[in-house]
Every structure is written in C-alpha cells, then in structure tokens.
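What follows is a short report on a single structure.
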Amino acid sequence: MTLPLSGIPFLNKRIKFPVTPHIVGGLTTSKQLREIADLADQYDGSLKIVGNTITIMGLTLADGEKVIAELGCKSESFIAKAVRSVSFCPGKPSCPRALQDSTALGLELDEEFFGQELPGKLRIAVSGCPNCCVEPLVKDIGMYGTAKGYTLAVGGSSGFKAQIAKVVGEKIPAAEIPSIIRSILAYYRAQGKSKERLGQTIDRLGWTEFIEKTIPSQYLHSK
Ligand code: SF4
C-alpha cells in the first residue's frame, strides 16, 4: 500500500512519520503484535498505543510504506477526508452487560465503509449497550444496543468544534444499519462542503429534511 504523501519526494527524505496499521476494532493477535514490535525494531521506530491501534513512530515515509506492506494490512496514516476506523466494544457474548453483538456489526461496518472518501472525516462507533463505552454520542454516526435493537445517533464530534450527536432512530435491527449508513453517506457526499463534518452539514441544511431522507419511518426516534 502506498501512503498518500509518497508523491512528495522531499518529505520522504527529511521527515519522520507516525505509521498506523489498521487493526480493525483493536482486535489483534500475539503474532501480529510481535510482527509490529519486530518491524519497529528493524526500522528503528518506537511504539505508542493510540485508541484501537498501535502507532509506530520515528519512521521515514519510505520505511513506513515497507512496514505496512510487510504487515499486509491497510494503513490509517494520513487518511483525511474519509471514514475512519470503526470503533466498537466487545458486546455479546464477551461483555455481561451487552444487549447486542457490537463486534459483529462493527466488523461488518469497518469492512464496508473504512476509507471511503467523503467531504470531511467521519467516525463511526458501535456500543453493545447504553453504557456507550466507545462514546457513540460524540461520533459522526454512533449507535448503542438495546434489548429491541440499536439506537442511532448522528452528527456528533469530539474535535475542535465538539458536538453531541442527536438520536434519530431506535429499535433498528443490526441487519438494517448498513443500508441506513449508506443513505447517510450519500446525503453527506451530495450536500457536505469540503472539511465540513456531518453534523455541521445537517445543522446548515436542517434536521427534518435529513431525517426524512435517511431514516426509515418505522425506526424514527419517538421523542
Ligand atoms: S458498551 Fe455495554 S456492551 Fe459494550 S463494553 Fe460497555 S458495558 Fe459492555
């Protein structure tokens, strides 16, 4: 995999880059962790645990590309206006409080949506119960499990202009979530301005129209 900045030759020579393998949902193996540690040693890098993944610091861009290629995974480095790595908690059956299988849904969403290009960056999080351990209410698209399905919230952000997501749907079966997210992303692609977060786009154009276009009526949140 070629990292997006590799077309700028002088950067390649002078600057060190944090290289972040895409470890889906933070689910890894001792074998993969050993490979990452060995490659960090081989290229004289250091390691930092960040969220769901491990960043290898102190590498040149060229070495970073070699590391990603040797690991055989996607990279999370330098992804700007796109869907970021999907966050999800253990959920059923691993967590005793879980009401939904957030790992299965999170893996499915990451497989389909990670890296898709958009007007701005977009974060997705899936929690297995209302405890919201992966903070879905400060994500662009967040959801948490209940006994009757998922509650869906949209428009959150923990960035520079922090914003709490608005609950727009409830009692949504896991099987329906991907198609709803496709509708939300289609709306965002069509309406969003460059670098505008999803919540800002909806604030600008109106929540009523957004909800009508993206959330099936049977799942609308009753206030
Ligand atoms: S959000 Fe709920 S299911 Fe997920 S880890 Fe936290 S307590 Fe467990």
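The values are calculated or read from the model by the stated rules, or taken from the named source; none is laboratory data. Everything numeric here is computed off the predicted structure, so don't read it as measured data. Positions of Cβ are generated from backbone atoms using ideal geometry, with glycine treated the same way; all protein chains shown enter the neighbour counts.
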Exercise for review: Would you mind telling me which numbered condition in (1) hydrophobic (A, V, I, L, M, F, W, C); (2) farther than 30 Å from THR151 by Cα; (3) not in a loop (DSSP other than H, G, I, E, B) LEU109 fails?
Suggested key: (2)
Review point. Within the bounds of the range 105-117, is there any residue that is free of Cβ contacts under 8 Å to residues at least 40 places away in the same chain, surrounded by fewer than 18 Cβ atoms within 10 Å (Cβ to Cβ) and within 12 Å of the ligand (Cβ to nearest atom)?
Key: no
Exercise for review: Restricting attention to the range 152-177, report how many residues are without any contact (Cβ under 8 Å) to a residue 12 or more places away in the chain and of a type outside the set (A, V, I, L, M).
Suggested key: 1
Check your understanding: Out of ILE177, ILE124, ILE164, which single residue is under 21 Å from GLN218 (Cβ atoms) and touching a helix residue (DSSP H, G or I) at 6+ places or on another chain (Cβ under 7 Å)?
Key -> ILE177
Study note, to complete from the structure: CYS89 meets each of (1) in contact with a Cys (Cβ under 8 Å, 6 or more places away or on another chain); (2) within 19 Å of SER179 (Cβ to Cβ) with one exception, condition (2)
Practice item. Might you let me know whether the range 82-90 holds any residue that is away from the ligand (no atom under 16 Å from the Cβ), part of a loop (DSSP other than H, G, I, E, B) and touching a residue at least 40 places away in the same chain (Cβ under 8 Å)? Key: yes
Check your understanding: Is it the case that LYS31 is at pLDDT below 90, in a helix (DSSP H, G or I) and among the basic types (Lys, Arg)?
Key -> no
